[in-house]
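Peer 1: I have a structure I would like to understand better, so I am pasting it below and will then ask my questions one at a time.
The values are calculated or read from the model by the stated rules, or taken from the named source; none is laboratory data. Treat the numbers as computed from the prediction; the structure is a model and nothing was measured. Because the Cβ atoms are built from the backbone with ideal geometry, glycine has one as well, and the counts that use them run over all protein chains shown. To get the accessible areas, we keep the full protein, side chains included, count just its heavy atoms, and leave off ligands, DNA and RNA. Shrake-Rupley method; radii C 1.70, N 1.55, O 1.52, S 1.80 Å.
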Amino acid sequence: MKREFWFVVGSQFLYGPEVLEIVDSRAKEIAEDLTEALPYPVVYKVTAKTGREITDVVREANYREECAGIITWCHTFSPSKMWIDGLRDLQKPWCHFATQYNREIPNDEIDMDFMNLNQAAHGDREHGFIGARLRKPRKIIAGYWKDEKVRRRIGDWMRTAVGAAVSREMKVMRFGDNMREVAVTEGDKVEAQNRLGWQVNTWAVGDLVLEMNAVTEAEIDALMAEYEASYDVATDDIGAIRYQAREEIAIRRMMDREGCRAFSNTFQDLYGMEQLPGLASQHLMSLGYGYGGEGDWKVSAMTAIMKAMGEGGNGASAFMEDYTYHLVEGQEYSLGAHMLEVCPSLASGRPRIETHHLGIGMNEKDPARLVFEGKAGSAIVASLIDMGGRLRLIVQDIECVKPILPMPNLPVARVMWRAMPDLTTGVECWITAGGAHHTVLSYDVSAEMMRDWARIMDIEFVHITKDTTPEKLE
Ligand code: MN
C-alpha cells in the first residue's frame, strides 16, 4: 500500500491574512523538502485556524487508509483549546515536530512583525501542553527541519508509524497449535487483536498438504531458479530442496489468499509432510513474511512488523532464539540460531543450502535449510510477552560479532552477540523482565523505534541498555 504522512500546521486569525499566507507557503515548502529526504511523502494539508478545521483533518486522517500518521507544528501561536476535540478523536500516530522556519535570529531584520510570524518557540509549548494534558501518545522531535539528524529521526518515526499500521492490518496463519506445555509462546489472542490489531487464526496442516500436492513441477522449477540465484547449493539431495520449494509455494499461496503476512507452525504437527519447512520458511522471511517456530504467533507477527519497519520496508530483522552461551572470561557471547528457520537478511555472506538429519519432530526426510553466519554490528533483540491483562515488549541492545568459532558441525545458520550491559547482567535483566527465548533480532530497527511503537500501541516497554542493572530494572 502507498503510505503518506499529513502535515498539519497550527495558527489562528489574530495575525491577519498576510501572515497566514506566508505560513501556508512555508508549510508547503517544508513538506515538499521533507518529502525529498524522507522514506514516505509528507503531504501538507492545512494551516488550521479553527477547531472545525482541526477536527475535519483529523477525521479524514482517521478514515484514509493511506494516511499513516500526522505531523503537527505551530509556526505561530495556536491556542490549544481548539485542538482538544480533534486530538481526542485522533486514531493515527502523532508526531509533534517542534521546529522553526528560520535557523538563525536575523540581527538586523528582527522586529515585532518578525516576532509575530516566527513564534514556534512558544506556539509549540502551548501545543505540547495540550498533548500532555490529554495524555495523548505522541512523538516529540525538536530541531531544525533541514538538519540531517532531525530528518533521520522523523524518518525513523515514520517507519515506526508504518509498523503500527502493519500491526493493525496483521493476519497470522497458524498451522498447528503451540508446542505442548510451553508457556511463553501462549497468549490472549483476543487481547492481541484488541490492542495490536492482529487476527490470529488456525488452518489445518491437512489443508496445507492438499495445497502442496497441487503445486506443479513447473512452479517448483521457477522457485528453484530463484534459490540458485541467491544461494549456493551445497547438497546432492536436490529432491529435498524441491520439496521445500513445494512447501513454500503452498504456504505462500494460502497466506496470500487469506491476506496473511505471517505464519507459525510446529514440528509436533507435520502430519502428511516429509520435512519441517526450513529453506521454505527462510525464503518466505526474506520476502517480508513473519515466522515463528513452535506455534509462536507473537514472534511471527513481530517479525513481519519489524521487517516492515526496516530499510526499504523489508529490513534485516529475523526470528531468533537464544541457544547457548560461551562463558569464557573476556569472550562472553550468546549463540543464537534455530532448528532451521533463520532469515537470510542477517547473513554476512552468501548462504548455502544444506540438508541434514533433524531428530526433532516427524521429519521423514532430511530437511533442506540455509546455513550462514550473521553479520557483525549493533542490533537489538525484541520479545513480546503476555503478562495476563497486559502485553510487555522487552528490547535489549546487543553487539553482534563474527562468530568466534567456525563450528563446522553445526548444521544451521548462527548469529553470535554480546548482550548489554554484559552477558550475565544482561541475562539477569532479561530473565527478570520475563523475556522469551524467541526474539526478533534486528540490525536496522532501533530501540527508540520500538519504544515509540510500544507507545503508539499502548503496551509496556522495557529497554535493557549498557546502563541497566537488575536493581534499576525491578
Ligand atoms: Mn524455538
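Peer 1: How many of the residues in segment 95-131 are open to solvent by 60 Å² or more (accessible area, probe 1.4 Å), assigned to a helix (DSSP H, G or I) and in contact with a Lys or Arg (Cβ under 8 Å, 6 or more places away or on another chain)?
Peer 2: Residues flagged as open to solvent by 60 Å² or more (accessible area, probe 1.4 Å), assigned to a helix (DSSP H, G or I) and in contact with a Lys or Arg (Cβ under 8 Å, 6 or more places away or on another chain) within segment 95-131 amount to 0.
Peer 1: Also, I was wondering about something else. Mind listing whichever residues of segment 140-166 are open to solvent by less than 10 Å² (accessible area, probe 1.4 Å) and hydroxyl-bearing (Ser, Thr, Tyr)?
Peer 2: Initially, segment 140-166 is screened for residues open to solvent by less than 10 Å² (accessible area, probe 1.4 Å), giving 141, 145, 154-155, 157-158, 160-164, 166.
Matches in segment 140-166: THR160 only.
Rundown of residues vs (1) open to solvent by 10 Å² or more (accessible area, probe 1.4 Å); (2) more than 20 Å from CYS400 (Cβ to Cβ); (3) of a type in the set (D, E, K, R), yes/no style:
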{"position": "PRO277", "(1), (2), (3)": "no, yes, no"}
{"position": "MET285", "(1), (2), (3)": "no, no, no"}
{"position": "TYR289", "(1), (2), (3)": "yes, yes, no"}
{"position": "GLY292", "(1), (2), (3)": "no, yes, no"}
{"position": "GLY295", "(1), (2), (3)": "no, yes, no"}
{"position": "LYS298", "(1), (2), (3)": "no, yes, yes"}
{"position": "ALA304", "(1), (2), (3)": "no, yes, no"}
{"position": "GLU311", "(1), (2), (3)": "yes, no, yes"}
{"position": "ASN314", "(1), (2), (3)": "yes, no, no"}
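Peer 1: Here's a follow-up. Please work out if GLU341 is of a type in the set (Asp, Glu) and open to solvent by 20 Å² or more (accessible area, probe 1.4 Å).
Peer 2: no
Peer 1: Okay, moving on. Restricting to segment 285-298, name every residue that is of a type in the set (A, V, I, L, M, F, W, C) and either in a strand (DSSP E or B) or more than 16 Å from the ligand (Cβ to nearest atom) (or both).
Peer 2: LEU287, the sole residue that qualifies.
Peer 1: Any chance segment 404-417 includes a residue that's open to solvent by less than 30 Å² (accessible area, probe 1.4 Å), over 23 Å from the mean Cα position of the chain (by Cα) and within 22 Å of ASP232 (Cβ to Cβ)? Can you show your working first?
Peer 2: Within segment 404-417, the first condition is being open to solvent by less than 30 Å² (accessible area, probe 1.4 Å), and the residues that meet it are 412-417.
Add one more test, that the residue is over 23 Å from the mean Cα position of the chain (by Cα), and what stays is 412.
From the residues that got through so far, the ones that are within 22 Å of ASP232 (Cβ to Cβ) too are 412.
Checked segment 404-417: at least one residue is open to solvent by less than 30 Å² (accessible area, probe 1.4 Å), over 23 Å from the mean Cα position of the chain (by Cα) and within 22 Å of ASP232 (Cβ to Cβ).
Peer 1: If you scan segment 418-443, which residues turn out to be open to solvent by 30 Å² or more (accessible area, probe 1.4 Å) and part of a strand (DSSP E or B)?
Peer 2: ARG418
Peer 1: Here is a follow-up. Under the condition of being open to solvent by 30 Å² or more (accessible area, probe 1.4 Å) and in contact (Cβ under 8 Å) with a residue 40 or more places away in the chain, which residue from segment 358-375 is farthest from MET273 (Cα to Cα)?
Peer 2: LYS375
To keep it simple, each residue is scored yes or no on (1) in a strand (DSSP E or B); (2) touching a residue at least 12 places away in the same chain (Cβ under 8 Å); (3) of a type outside the set (Lys, Arg); (4) within 16 Å of the ligand (Cβ to nearest atom).
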| position | (1), (2), (3), (4) |
| --- | --- |
| GLN268 | no, yes, yes, yes |
| HIS283 | no, yes, yes, no |
| SER300 | no, yes, yes, yes |
| ALA304 | no, yes, yes, no |
| PHE319 | yes, yes, yes, yes |
| TYR325 | yes, yes, yes, no |
| TYR333 | yes, yes, yes, no |
| ARG350 | no, yes, no, no |
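Peer 1: Considering segment 221-254 alone, what residues qualify as being aromatic (Phe, Trp, Tyr) and open to solvent by 50 Å² or more (accessible area, probe 1.4 Å)?
Peer 2: At the first step, the residues of segment 221-254 found to be aromatic (Phe, Trp, Tyr) are 227, 231, 243.
If the condition is that a residue be aromatic (Phe, Trp, Tyr) and open to solvent by 50 Å² or more (accessible area, probe 1.4 Å), then no residue fits.
Peer 1: Could you please give the count of residues in segment 202-233 that are more than 33 Å from the chain's Cα centre (by Cα), in a helix (DSSP H, G or I) and under 29 Å from ASP177 (Cβ atoms)?
Peer 2: 1
Peer 1: Checking the condition in contact (Cβ under 8 Å) with a residue 24 or more places away in the chain and surrounded by fewer than 21 Cβ atoms within 10 Å (Cβ to Cβ), which residue from THR72, THR55, THR47 passes?
Peer 2: One residue alone meets the criteria, THR55.
Peer 1: List every residue pair whose Cβ atoms sit under 7 Å apart, with the two residues 6 or more apart in sequence or on different chains, where the first one lies in segment 426-438 and is acidic (Asp, Glu) and the second, anywhere, is open to solvent by 20 Å² or more (accessible area, probe 1.4 Å) and more than 16 Å from the ligand (Cβ to nearest atom).
Peer 2: GLU428/PRO470
Peer 1: Give the number of residues within segment 255-275 that are hydrophobic (A, V, I, L, M, F, W, C), open to solvent by 10 Å² or more (accessible area, probe 1.4 Å) and in contact with a helix residue (DSSP H, G or I) (Cβ under 6 Å, 6 or more places away or on another chain).
Peer 2: Here the count works out to 0.
Peer 1: In segment 335-345, what residues are farther than 18 Å from LEU276 by Cβ and away from the ligand (no atom under 16 Å from the Cβ)?
Peer 2: SER345
Peer 1: Something else about it: Just wondering, is there one or more residues in segment 234-254 that are within 16 Å of the ligand (Cβ to nearest atom), under 26 Å from the mean Cα position of the chain (by Cα) and in contact (Cβ under 8 Å) with a residue 12 or more places away in the chain?
Peer 2: No: zero hits.
Peer 1: Same structure, new question: Could you please find all residues in segment 444-467 being part of a loop (DSSP other than H, G, I, E, B) and either within 16 Å of the ligand (Cβ to nearest atom) or more than 12 Å from MET309 (Cβ to Cβ) (or both)?
Peer 2: ASP458, ILE459, THR465, LYS466, ASP467
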